[in-house]
Amino acid sequence: MRSVLSLFSKSMFQIKKTRLGNVEDIVNSSLCMGCGVCEPVCPVRCIKIDESETTGQQIPIVDQSTCIAGCDVCLRVCPGEEVDFDLLNEKYIGKIPERKDIGHVKNTIVGHASDSKLRFSASSGGALTALLVYLLEKDFIDGAVVVRMNADHPHMTEVIIARTVEDLLASKGSKYCPASSGQGLRAIMREPGRYAFVGLSCHVHAARKFQEVFRKYSNRIVLNLGLFCGGGITFNGTRFLLEQLDVEEEELVQLTLRGDGWPGKTTAVKKDGTRCELNKRAGATTLHEAATYTSWMHRYFFPPRCLTCTDLTAQLADISFGDPWLDRFTKNDTQGLSMMVVRTTAGQRFLDLAIRDGAITAIDNATPQEVADSQKKLNKKIQTRPYRIAAKFLGIATPNYGELYNEGSSSPIAIASAIWDYTRLWLGRNHRLWKFLLLLEEVHQHRIVFQAKWRGRIIRLMKKITFRTPPQ
Ligand SMILES: Cc1cc2nc3c(=O)[nH]c(=O)nc-3n(C[C@H](O)[C@H](O)[C@H](O)COP(=O)(O)OP(=O)(O)OC[C@H]3O[C@@H](n4cnc5c(N)ncnc54)[C@H](O)[C@@H]3O)c2cc1C
Ligand code: SF4
Ligand code: SF4
Ligand code: SF4
């Protein structure tokens, strides 16, 4: 049984057993999530980050002829195989977190960019970009590693060091597609200065490992800003999205993956000026739209490594940013709110200044439990045991986060469900099966609506029966 599954997964995920002693081993064992940090650290520049045609991921391609045997610098900074949360938490956050699901929380503020245009056009409430603009204008930083959509290839991203307010504003918004923030560390190595680094949880892991290995550049990163991350999306996901929006890659002039208020929408603009839009799941107007959104964002287009990633809230960042998915914040909001989880003294100091000087408007504080409650995927994220067991069956390697991060059920149902999640990634890689996966997702959306409708009715009926006042 196990060898059959393993054969199946070899064809599913192109797993190759090689020992090259560089990051191609990470790619070959499906541990790469495309953070990009291996590229700038290579002493002989033999790594290039590029798209894999089979997986749609951004991966390193190594020129094996120039790779230095025994060098292994790229492996030492790579967060694909190992992240020592205890060590990095102690070193950069100052303590082992009380809660391993959301990391150490010093303070959580819900708020938004005070500039209403930025607030509306950014992802959540634009607080992250507002903070960067403030830090640059007040000369606390010389630049920031950020990601923007590529003007020449609008479906792709590029990592830049933003040294002007214009560049920072051009990079606002979530890029739900491959982005290799680690590549931005090249500029930090090359040019002394004070930089902010922005990235997903795994990009932050990469930046922290980089700081550990390259101590001489460590102080150049004065602030590490993380994005909550439920899962990265491959280029296959972008292609699926464009296909659903009926936009050809060649006719695309602009792709904004999130913005336009809260919860926001995805907009593709064609050469002839046509705008094609897809609402976020929470704002979807039809079940088909909801299914299109969840197919693209939630189930089929992750790199396999995301299924065993435990860090949803970027716990090694100075401040982590996410959406406050809680009724008390979002019920009446259409303009956008950011949830800012402050973890370090440096993070607190910069955020306090930005609030004091009016760059960010704070609305309220949130408790650590509210941070956890705001993220539906959190439990699944930290309970990686079924995924680790499933991965073992499938012959896929899993990362090492230390003893702490291997919780969850090992029941046959949990493992079967994890295998199904891996199978879904395989469906996403097969263009011919996209119609089928969309159908599956539509059925799933109908089921959610049906359940919600009938559960409510049954509960109301039960209440009526149970609490009926006896006749006088
Ligand atoms: C792939 C992905 C998954 C996410 N999953 C969740 C989730 O499960 N739950 C949740 O609450 N929030 C999630 N977020 C975070 C959320 O979408 C917002 O990015 C966050 O709340 C910050 O919003 P903001 O308006 O304050 O930031 P903005 O002002 O819009 O600034 C965003 C900053 O992030 C940078 N950035 C955008 N995309 C990327 C990327 N892919 N890689 C590196 N840097 C990037 C931009 O360069 C910009 O500097 C996710 C974001 C991404 C990109
Ligand atoms: S082992 Fe060294 S030389 Fe080889 S790819 Fe990695 S960093 Fe470059
Ligand atoms: S450093 Fe990042 S991009 Fe390079 S192999 Fe590791 S996970 Fe992949
Ligand atoms: S789920 Fe984890 S590994 Fe995947 S993109 Fe997000 S932070 Fe990176």
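Annotations
- Among residues of region 132-158, those that are under 22 Å from the mean Cα position of the chain (by Cα) and either part of a helix (DSSP H, G or I) or surrounded by fewer than 24 Cβ atoms within 10 Å (Cβ to Cβ) (or both), counted: 10
- Filtered residue count, region 60-81, keeping only those that are within 16 Å of ligand 4 (Cβ to nearest atom) and either surrounded by fewer than 20 Cβ atoms within 10 Å (Cβ to Cβ) or among the charged types (D, E, K, R) (or both): 1
- Filtering region 49-68 to residues that are at pLDDT 95 or above, within 22 Å of the chain's Cα centre (by Cα) and more than 16 Å from ligand 1 (Cβ to nearest atom) leaves 50, 60.
- Within region 24-40, residues that are away from ligand 4 (no atom under 15 Å from the Cβ) reach partners that are assigned to a helix (DSSP H, G or I) and among the basic types (Lys, Arg) with beta carbons closer than 6 Å, at six or more positions or on different chains, in the pairs 40/186.
- Near pairs, Cβ below 7 angstrom, 6+ apart or cross-chain, from region 172-185 (hydrophobic (A, V, I, L, M, F, W, C) and within 15 Å of ligand 4 (Cβ to nearest atom)) to any residue that is assigned to a helix (DSSP H, G or I) and at pLDDT 95 or above: 177/235; 177/237; 177/238
- Residues that are in contact with a Phe, Trp or Tyr (Cβ under 7 Å, 6 or more places away or on another chain) and closer than 18 Å to residue 182 by Cβ were ranked within region 129-153; the one that is nearest to ligand 2 (Cβ to nearest atom) is 145.
- Flag if residue 217 is of a type outside the set (Gly, Ala, Ser), in a loop (DSSP other than H, G, I, E, B) and either away from ligand 3 (no atom under 14 Å from the Cβ) or within 20 Å of residue 71 (Cβ to Cβ) (or both): no
- Residues of region 169-195 satisfying the condition of being surrounded by 17 or more Cβ atoms within 10 Å (Cβ to Cβ), touching a helix residue (DSSP H, G or I) at 6+ places or on another chain (Cβ under 7 Å) and more than 25 Å from residue 297 (Cβ to Cβ): 185, 186, 188, 195
- Considering region 231-247, the residues that are assigned to a loop (DSSP other than H, G, I, E, B) and farther than 14 Å from residue 178 by Cα include one that is farthest from ligand 4 (Cβ to nearest atom), namely 246.
- Test: residue in region 97-104 that is modelled with pLDDT of 95 or more, more than 16 Å from ligand 4 (Cβ to nearest atom) and in contact with a His (Cβ under 7 Å, 6 or more places away or on another chain): no
- Flag if residue 329 is under 29 Å from residue 368 (Cα atoms) and part of a helix (DSSP H, G or I): yes
- All of 400, 365 fail the test of being within 20 Å of the chain's Cα centre (by Cα), more than 16 Å from ligand 1 (Cβ to nearest atom) and surrounded by fewer than 19 Cβ atoms within 10 Å (Cβ to Cβ), apart from 400.
- Residue 363 vs. criteria part of a helix (DSSP H, G or I), away from ligand 2 (no atom under 16 Å from the Cβ) and at pLDDT 95 or above: no
Let's see how each residue does on (1) free of Cβ contacts under 8 Å to residues at least 60 places away in the same chain; (2) surrounded by fewer than 17 Cβ atoms within 10 Å (Cβ to Cβ); (3) assigned to a helix (DSSP H, G or I); (4) within 19 Å of the chain's Cα centre (by Cα):
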site: 250; (1), (2), (3), (4): yes, yes, yes, no
site: 253; (1), (2), (3), (4): no, yes, no, no
site: 269; (1), (2), (3), (4): yes, no, no, no
site: 291; (1), (2), (3), (4): no, no, yes, no
site: 315; (1), (2), (3), (4): no, no, no, yes
site: 324; (1), (2), (3), (4): no, no, no, yes
site: 333; (1), (2), (3), (4): no, yes, no, no
site: 340; (1), (2), (3), (4): no, no, no, yes
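Residues checked against (1) among the charged types (D, E, K, R); (2) modelled with pLDDT of 95 or more; (3) farther than 19 Å from residue 126 by Cα:
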| position | (1), (2), (3) |
| --- | --- |
| 160 | no, yes, no |
| 175 | yes, yes, no |
| 187 | no, yes, yes |
| 212 | yes, yes, yes |
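- If you filter region 186-216 down to residues that are away from ligand 4 (no atom under 15 Å from the Cβ) and among the β-branched types (Val, Ile, Thr), you find that the one that is nearest to residue 81 (Cα to Cα) is 213.
- Complete set of residues in region 344-360 that are within 16 Å of residue 105 (Cα to Cα) and outside any helix (DSSP H, G or I): 344
- Scan of region 302-336 for residues that are away from ligand 4 (no atom under 16 Å from the Cβ) and under 16 Å from residue 367 (Cβ atoms), ordered by number: 324, 325, 326, 327, 328, 329
- The residues listed here are 26, 47, 61; of these, the one that is within 12 Å of ligand 2 (Cβ to nearest atom), within 23 Å of residue 311 (Cα to Cα) and not acidic (Asp, Glu) is 26.
The values are calculated or read from the model by the stated rules, or taken from the named source; none is laboratory data. Because the structure is a prediction, the values reported are computed rather than measured. Please note: Cβ atoms are built from the backbone with ideal geometry, for glycine as well, and neighbour counts cover all protein chains shown.
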